[in-house]
Amino acid sequence: MYTDENLKDPKICEVMEKVDVLPDPELDMEFKESRAVTAVIVELKTKTGEKYLKKLSRWKGDPGFPATKEELQAKFRRVTSKALSPPKAEENIETADRLESIKNVQELGHLTRSS
């Protein structure tokens, strides 16, 4: 997670020093054609000189690789944990589950207030 605290963590900084981010003309061409930022090529070199290369073109949540309801709920809990109490997060999830049956939009107003 990108936070000031994590970016100052010595262990994370040590790993960051070992990472190079480089442009790839092949990926640039794919982007121009599809306008979808969904591909990355990862190359890993071990201390013994072995290389591993993998291209990833789909991500969890992508239309071709959808997240499950449980994964989406877990992500919601995680990303809202600093703004919403666990009971408030669960209330939001429960309301989202029955959103199509809500007859009055006023019922949603209280969900936007943190607790």
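Read-outs: derived from the displayed coordinates by stated rules, not from any lab. Predicted model, so just to flag it, every value in this text is computed and none were measured. All Cβ positions, even for glycine, are placed from backbone atoms using ideal geometry, and neighbour counts span all protein chains on display.
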- [ ] Equivalent ellipsoid semi-axes for the stretch 4-56, as square roots of 5 times the alpha carbon gyration tensor eigenvalues: give them largest first, rounded to whole Å.
- [x] 26, 18, 8
Task: Whichever aspartates and glutamates have a C-alpha closer than 13 Å to that of residue 54, once near sequence neighbours (fewer than 8 apart) are set aside - done: 43
Task: Once exposed loop GluC sites (Glu not before Pro) are cut out (DSSP; at most 10 other Cβ, 10 Å), longest piece of the chain - done: 51-115
Open item on the list: Between 0 and 90 degrees, rounded to the nearest ten: what's the tilt of helix 69-80 against the longest Cα principal axis of the chain?
Closed with: 90
- [ ] Loop only per DSSP, at most 11 neighbouring Cβ atoms within 10 Å: give me the trypsin sites (Lys or Arg not before Pro) in the stretch 1-33, ordered by residue number.
- [x] 8, 18
Task: the stretch 25-86 and the stretch 1-18: distance between their alpha carbon centers, rounded to Å - done: 20
Task: Per-residue ³J(HN,Hα) for the stretch 47-57, Karplus 6.51 cos²θ - 1.76 cosθ + 1.60, θ = phi - 60°, Hz, x for Gly and Pro - done: 4, 8, x, 5, 10, 10, 10, 8, 9, 10, 10
Open item on the list: Can you give the log10 of the normalised intensity I(q)/I(0) at q = 0.23 Å⁻¹, computed with Debye over equal Cα scatterers of the chain?
Closed with: -1.25
Task: Restraint check, 11/45; 60/103; 8/69; 18/60; 11/32, Cα-Cα greater than 30 Å - done: 60/103; 8/69; 11/32
Open item on the list: Please list, by residue number, every one of the chymotrypsin sites (Phe, Trp or Tyr not before Pro) in the stretch 17-115 that is coil in DSSP and has at most 14 other beta-carbon atoms within 10 Å.
Closed with: 59
